Amino acid sequence: MSVRRVVPIAMRLSWLVLIALATGEFVTDLPGPGWATTLLPALVVLALMVATMSLQARAAAPRGEPGPPVEVAPPVTGRWKALNSPADKVPSHGTHAYGQTYAIDIVAEPETAEGEAPGRPGAGPATRPQAEPATRPQAEPAPRPEAGPVPRPQADPAPRPGAGPVTRPAFRLFWPVVRRNRAFPAFGAPLLAVADATVVVASDGQRDHLSRNSLPALACLMLAEAPVRSIVGAHRIIGNHVILDLGGGTYAVYAHLRRGSLRVRAGDRVRAGQGIGRVGNSGNTTEPHLHFHLMDGPDPDAARGVPFTWRGVGVPANGETFTVVEPEERGGRSTEEQAEEQAGRPTEHQAGRPVEGRAAGS
């Protein structure tokens, strides 16, 4: 086992010892001087944390000039906004750790007027009938008196799982402190394979926590949750996730997925455009969103980031919105229909079935 593997394990064990000693000081009078039971273990833990961070940074730092971006299909459909984009800075998230040098976060931004019923998240452009605001009365033919008022059509009277509100809630200073995940249009949005690939990792057992999009909740995340998750390991940072082997030494990471939403498992073959899971709010997140990046190995602790570009979209900059047309608008089946069909079949059969509709430009 390499030093890079041993040091993080030693750090976690040291944390356990330190917590046990600190607890023992409150419960009973431990033998020996206080510096030996508290200060010395704390210094050991601190030294191991610094060593771990240094080794992670060294392992993940790029070597030489970056290669050309790998072109893949977009992992979503509908209208989205980019955050923490590598189009603006590299590393995009302020660190090379976990192979996320060129990572991007995206949140759903359905283009629907405030107060109107929402369509499906990730359902395509706002001009689609499902997501179009209810027709204004003056645009309708004048009804005959005996016919009564013209009913307003409902965009989705029975929202499917993952259907969210009209607009993404804004960050608040103090209230509400947290929000439920269904308050965000990205939650439950379908995710698609960006290329023909093999599933290397498929994990969706972690819970989806409440949002952290207020000042008190964000402080709790940064000062308490994030350090603990970092100590436990990368899987607690990226939450529920899928890693796809795209071939040629390139791997795609989908992070923060919804608990129990995965439709694939390790070893499955998937086709570009195939539904593989749904957006969630697991791991180190402030709100439901997709974190996506490419890397040169299957292990986030050891891999380096690889530049990407989405076919037909490119790399959207921070705050830039982009729209990916859903397959049914190109004559294929919708993502929802594919997901429902796949849900009733064994995973191996899902992964091997060709998908008629693909993401834009695929």
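When region 194-214 is filtered for residues that are more than 18 Å from His256 (Cβ to Cβ) and open to solvent by less than 20 Å² (accessible area, probe 1.4 Å), the ones remaining, listed by number, are Ala197, Ser214.
Output the residue which, of all residues in region 62-101 that are polar (S, T, N, Q) and surrounded by fewer than 19 Cβ atoms within 10 Å (Cβ to Cβ), is modelled with the lowest pLDDT.
Residues of region 62-101 polar (S, T, N, Q): 77, 84-85, 92, 95, 100-101.
Those still in the list that are surrounded by fewer than 19 Cβ atoms within 10 Å (Cβ to Cβ) too: 84, 95.
Details: Asn84: 95, Thr95: 86.
Among them, the one singled out is Thr95.
For region 241-260, what are the residues that are under 16 Å from Leu290 (Cβ atoms) and not in a strand (DSSP E or B)? Once the filter is applied, which keeps residues that are under 16 Å from Leu290 (Cβ atoms) and not in a strand (DSSP E or B), region 241-260 yields His256, Arg258, Arg259. Condition check: hydrophobic (A, V, I, L, M, F, W, C), part of a helix (DSSP H, G or I) and either touching a Pro at 6+ places or on another chain (Cβ under 9 Å) or over 30 Å from Leu46 (Cα atoms) (or both). Does Ile231 satisfy that? Judged against the criteria, Ile231 is a match.
Which residue, of Ala47, Ala59, Ala51, is within 33 Å of the chain's Cα centre (by Cα), modelled with pLDDT under 70, part of a helix (DSSP H, G or I) and within 29 Å of His93 (Cβ to Cβ)?
Values: Ala47 fails: modelled with pLDDT under 70; Ala51 fails: modelled with pLDDT under 70.
Unique residue meeting the criteria: Ala59.
Looking at region 178-193 only, could you name the residues that are touching a Gly at 6+ places or on another chain (Cβ under 9 Å) and either surrounded by 24 or more Cβ atoms within 10 Å (Cβ to Cβ) or of a type in the set (A, V, I, L, M) (or both)? Let's see the steps before the verdict.
Our first condition is that a residue be touching a Gly at 6+ places or on another chain (Cβ under 9 Å); within region 178-193, this holds for 181-193.
Correct list: Ala183, Phe184, Pro185, Ala186, Phe187, Gly188, Ala189, Pro190, Leu191, Leu192, Ala193.
Residues satisfying the criterion are present in region 262-278 (criterion: under 23 Å from Tyr102 (Cα atoms), in contact with a Pro (Cβ under 9 Å, 6 or more places away or on another chain) and among the basic types (Lys, Arg)). Within region 273-307, being touching a Ser or Thr at 6+ places or on another chain (Cβ under 9 Å), open to solvent by less than 10 Å² (accessible area, probe 1.4 Å) and part of a loop (DSSP other than H, G, I, E, B) holds for Gly273, Gly280, Asn281, Thr285, Pro288. Within region 291-332, restricting attention to residues that are out of contact with any strand residue (DSSP E or B) (no Cβ under 9 Å at 6 or more places or on another chain), of a type in the set (Asp, Glu) and under 16 Å from Thr77 (Cα atoms), the residue that is modelled with the highest pLDDT is Glu328. Considering only residues that are touching a Pro at 6+ places or on another chain (Cβ under 6 Å) and either open to solvent by 40 Å² or more (accessible area, probe 1.4 Å) or not aliphatic (A, V, I, L, M) (or both), which ones fall in region 234-257? Of everything in region 234-257, just one residue is touching a Pro at 6+ places or on another chain (Cβ under 6 Å) and either open to solvent by 40 Å² or more (accessible area, probe 1.4 Å) or not aliphatic (A, V, I, L, M) (or both), namely Tyr251.
The values are calculated or read from the model by the stated rules, or taken from the named source; none is laboratory data. This is a predicted model, so every value here is computed, not measured. For neighbour counting, all protein chains shown are included, and Cβ atoms are generated from backbone atoms with ideal geometry for every residue, glycine included. We work out accessible area using only protein heavy atoms, side chains counted, and drop any ligands, DNA or RNA first. Shrake-Rupley method; radii C 1.70, N 1.55, O 1.52, S 1.80 Å.
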